[in-house]
Amino acid sequence: MMPVTISVGSGKGGTGKTLVASNIAAILSQRGKEVYLIDLDVGGADAHILYGVFKPSATLTDFLTGSQKHLHEVSTRLDTFYGLNLIVGTGETLKTANMSYATKKRLLKHIKMLKGDVVILDVGAGTSLNTLDFFISTDIQLCVSTLDPTSILDFYRFLKLSTIRKVLSSFLSTDEVSRALSQKDFQRIDEIFAFAEKIRPDARKKAENTLNGFRPALILNQVRGESTLDRLKLKHVVSKFLGITLPELGVIPWDEMVFEAIRSYMPIIEYSPGSKAAVALSKIADSLLEMIDTQIA
């Protein structure tokens, strides 16, 4: 049986994406799941630091360059974190920081071959094609954002381009519809459907079917005070312009203990399990477990 794959992405750096991914990976391991966390933040990989791993014996670079043939061979088992399997990120060379299409396909294939229950991909922030492709490739997608205005703008841009990329994935790269869609800028998803239909009658239905299964879940981080109105506005905008619902998986409140945990090179759920952020992350992990069980069923 293939593992359930989960991607964690964000529109910009500084939202706490890696914090969320690393803590959720540890919690799911604590709950008895065999978990792999892969740091795919190419060029800015730092998830290992949050576990106090400073000199890993192997990294993703060893797999991407062919030094190791199998992905599991570059994983580090963290016995102090419930047996979590960590695949440390790369970015040390221009070759790995700018991986080819063939290399990316090989990596995605081997991710599905890992012998575990759950594989979490900490994808890079932003909207490079590799980041978008890693994000949309998984069974479950999680988006991390703060309510800072610039973060929300970048989050919307990330989600918009991810949605468009997901629609494009329903067509072969050599397909006439794919070529035409790739050359045009869209502001709304219904524009894509209408444009695709003009090119080929069956294209609209195919694109709509692909999008039906695309339901990224939102995690808001560093939230101070009451934010219900801002959250409702954000979800309304996403629904109106992108044509997708945006379920909220959880809210992580602002918590100074998070920064103490980072400075101590530990996940917050280990450093201060009773803190507000750790409690919120545990609730998010429990909700995620329900989604994982649904995928398995």
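The values are calculated or read from the model by the stated rules, or taken from the named source; none is laboratory data. Treat the numbers as computed from the prediction; the structure is a model and nothing was measured. All Cβ positions, glycine included, derive from the backbone under ideal geometry; neighbour counts span all protein chains shown.
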Starting from residues that are assigned to a helix (DSSP H, G or I) and in contact with a Ser or Thr (Cβ under 7 Å, 6 or more places away or on another chain), keep the ones in segment 11-50 and report whichever is nearest to residue 150 (Cα to Cα). 17
Could you list all residues from segment 244-288 that are closer than 24 Å to residue 210 by Cα and either over 20 Å from the mean Cα position of the chain (by Cα) or of a type in the set (A, V, I, L, M) (or both)? 244, 246, 249, 288
Here are the criteria: (1) modelled with pLDDT under 80; (2) at positive phi. Tell me which single one residue 240 does not satisfy. (2)
Checking 207, 277 in turn, the sole residue that is touching an Asp or Glu at 6+ places or on another chain (Cβ under 7 Å) and either of a type outside the set (Val, Ile, Thr) or surrounded by fewer than 15 Cβ atoms within 10 Å (Cβ to Cβ) (or both) turns out to be 277
Conditions (1) polar (S, T, N, Q); (2) at pLDDT below 85; (3) buried (at least 17 other Cβ atoms within 10 Å of the Cβ); number of the one not met by residue 162: (2)
If we scan segment 54-61, do we find a residue that is over 17 Å from residue 138 (Cα atoms), part of a loop (DSSP other than H, G, I, E, B) and either among the aromatic types (Phe, Trp, Tyr) or at pLDDT 95 or above (or both)? yes
Within segment 245-270, tally of residues that are loosely packed, with under 14 Cβ neighbours inside 10 Å, touching a helix residue (DSSP H, G or I) at 6+ places or on another chain (Cβ under 9 Å) and assigned to a helix (DSSP H, G or I): 0
Every pair of residues 6+ apart whose Cβ atoms lie under 8 Å, when the first sits in segment 274-285 and is in contact (Cβ under 8 Å) with a residue 12 or more places away in the chain while the second is surrounded by fewer than 21 Cβ atoms within 10 Å (Cβ to Cβ) and of a type in the set (Lys, Arg): 285/31
Sole residue being farther than 28 Å from residue 109 by Cα and among the aliphatic types (A, V, I, L, M), chosen from 144, 238, 177, 123: 238
Complete set of residues in segment 171-210 that are assigned to a helix (DSSP H, G or I) and among the charged types (D, E, K, R): 176, 179, 190, 191, 197, 198, 204, 205, 206, 208
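If you take the residues in segment 34-47 that are touching a strand residue (DSSP E or B) at 6+ places or on another chain (Cβ under 7 Å) and modelled with pLDDT of 95 or more, which one is surrounded by the fewest Cβ atoms within 10 Å (Cβ to Cβ)?
Among those that are touching a strand residue (DSSP E or B) at 6+ places or on another chain (Cβ under 7 Å) and modelled with pLDDT of 95 or more, it is 36.
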How about segment 81-129: which of its residues are at pLDDT below 90 and within 24 Å of residue 55 (Cβ to Cβ)? 89, 90, 91, 92, 93, 94, 95, 96, 97, 99, 124
What are the residues in segment 218-237 that are buried (at least 20 other Cβ atoms within 10 Å of the Cβ), modelled with pLDDT of 75 or more and among the hydrophobic types (A, V, I, L, M, F, W, C), if any? 218, 219, 220
